[in-house]
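Visitor: One structure is given below, represented as structure tokens, and several questions about it will come after.
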Amino acid sequence: MKKIIYISLSILTIGLFSCSDDDSYSIAYVDDEVKTPLVGTIELNRAAAAPTTKMMEATVTIPQTFDVESIVEVTSESKFGNFLEIETFVEKSYITVPAGATSGVGLIRTAGDDEAVLDDFNGTANFASAFISGIALKQPEEGSIDDPYTMTSDTVSIAGVAYDSSMDPEEESLSISLDWLGPYNVNDLDLYVFNSNFSFLIGTETGDRFEGLIFNDPDDDIRPEDGNDYTVEIAIWDPNGNVTSPIPYRLVFTHPNGDTDIYLGEVDPAIGYIDPVNISKTTTIDDDDNEVITFVTSSAI
């Protein structure tokens, strides 16, 4: 994977002002508390590439435990999204570290503009970055606790991949998007999902630049069942035998909450297909008696 040019963020101290009733003067609040700088780490739990402005799972690690929950701020930055690349796009996300723990898992949103990513399989290198930019301790309902900490981390790189509407999240459904390397007048991939006994469930063979499916689409008569494993299959469409080299592909799974799982691989024309990913679906009932549908993807190769 190409590396990102890291972007650092300066943390500024902001003056807070209060005014008298007649607004005749302002007094700046000076924060003279001695700060304790901490250095944490951030790790992207899946591929370090995602459709921009989409969510991806990350783990943050802090160097010490606290008796209360801590909220770690993660900043994503990108200068891609305008012609001159002057404006910096910024997204703030927050991950909770439980009391007594040194790590937490949550979702971060990548910064940038979908339309700025190159519309080819390789996408755009050096597109965005993510890093820890702060930490705050959860305050009790009564009284307060000292919170003199700041936090930074090294920067992790995020490559921008070409966007397609098949990557958009759908309520109660798992969006599946397939991209692959051209030339597109020769290389053409189709996308299918089979159930545990390899009976056909859904598929798409449009011949377009992307192929996309909605797993557990409310509008479909046939819906996946809880407790079953489903297999994603990618097949080469090559009736004239023109494909002679393996075709690299990228599968993007977008969960209802916007989190993305990304799988990369190749389809060998000598075989003609590959079954790279399994999907499972689970339905639970929350405290308000509402159904909550979640999906888990896993590598099958």
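Coordinate-derived values only; no laboratory data. Computed from a prediction, not measured in an experiment: that's the story for all the values here. So basically every Cβ, Gly included, is an ideal-geometry build from the backbone, and we count neighbours across all protein chains shown.
Visitor: Step through the table entries 54/138; 79/138; 92/138, compare each Cα-Cα distance with 21 Å, and write down the pairs that go over it.
Guide: In this structure, 54/138; 79/138 lie more than 21 Å apart at Cα.
Visitor: How high is the relative contact order of the chain, in percent, with contacts defined as C-alpha pairs under 8 Å that are six or more residues apart?
Guide: 16
Visitor: How large is ³J(HN,Hα), in whole Hz, for each residue of segment 231-248 in order, when computed from phi with the Karplus curve 6.51 cos²θ - 1.76 cosθ + 1.60 and θ = phi - 60°, using x for Gly and Pro?
Guide: Going residue by residue, I get 10, 8, 10, 10, 10, 7, 9, 8, x, 9, x, 8, 7, 10, 10, x, 9, x Hz, with x marking Gly and Pro.
Visitor: Treat every Asp and Glu Cβ in segment 110-230 as -1 and every Lys and Arg Cβ as +1, leave all other atoms uncharged, and give the resulting dipole magnitude about the Cα centre to the nearest 20 debye.
Guide: 560
Visitor: Please pull out the direction-averaged projected area of the chain, using the convex hull of its alpha-carbon atoms, in nm² to one decimal place.
Guide: Mean shadow area of the hull around the Cα atoms is 22.1 nm².
Visitor: Can you run phi through the Karplus equation (6.51, -1.76, 1.60; θ = phi - 60°) for segment 186-194 and list ³J(HN,Hα) in whole Hz, with x for Gly and Pro?
Guide: With the stated coefficients, segment 186-194 comes to 10, 7, 9, 10, 10, 10, 9, 10, 10 Hz.
Visitor: Further question on the same structure: Between residue 65 and residue 138, what is the label-to-label distance in nm when each label sits 7 Å out along the Cα-to-Cβ direction?
Guide: Here the modelled spin labels are 1.6 nm apart.
Visitor: How big is the charge dipole of the chain about its Cα centre, in debye rounded to the nearest 20, if each Lys and Arg gets +1 on its Cβ and each Asp and Glu gets -1 on its Cβ?
Guide: 1440
Visitor: Oh, and also: Quote the FRET efficiency, to the nearest 0.05, computed for residue 292 versus residue 185 with a Förster distance R0 of 41 Å and r equal to the Cβ-Cβ distance.
Guide: The value I calculate is 0.40.
Visitor: Now, a different point. If I take R0 = 25 Å and measure r between the Cβ atoms of residue 99 and residue 150 in this structure, what FRET efficiency does the formula 1/(1 + (r/R0)^6) give, to the nearest 0.05?
Guide: The value I calculate is 0.80.
Visitor: Give me the one-decimal nm value for the distance between modelled label points at residue 171 and residue 257, 7 Å along each residue's Cα-to-Cβ direction.
Guide: My value for the distance between the label points is 1.8 nm.
Visitor: Under the Karplus relation 6.51 cos²θ - 1.76 cosθ + 1.60, θ = phi - 60°, what is the ordered set of whole-Hz ³J(HN,Hα) values for segment 256-269, x standing for Gly and Pro?
Guide: So the Karplus estimates, Gly and Pro as x, are x, 7, x, 5, 10, 10, 10, 10, 10, x, 9, 9, 7, x Hz.
Visitor: Under 18 Å between alpha carbons, and skipping anything fewer than 8 positions from residue 35 in its own chain: which aspartates and glutamates qualify?
Guide: Output for residue 35: 73, 146, 147.
Visitor: Sticking with this one: For the pair residue 206/residue 88, report the inter-label distance in nm, with labels modelled 7 Å from Cα in the Cβ direction.
Guide: Reported label-point gap for residue 206 and residue 88 is 3.7 nm.
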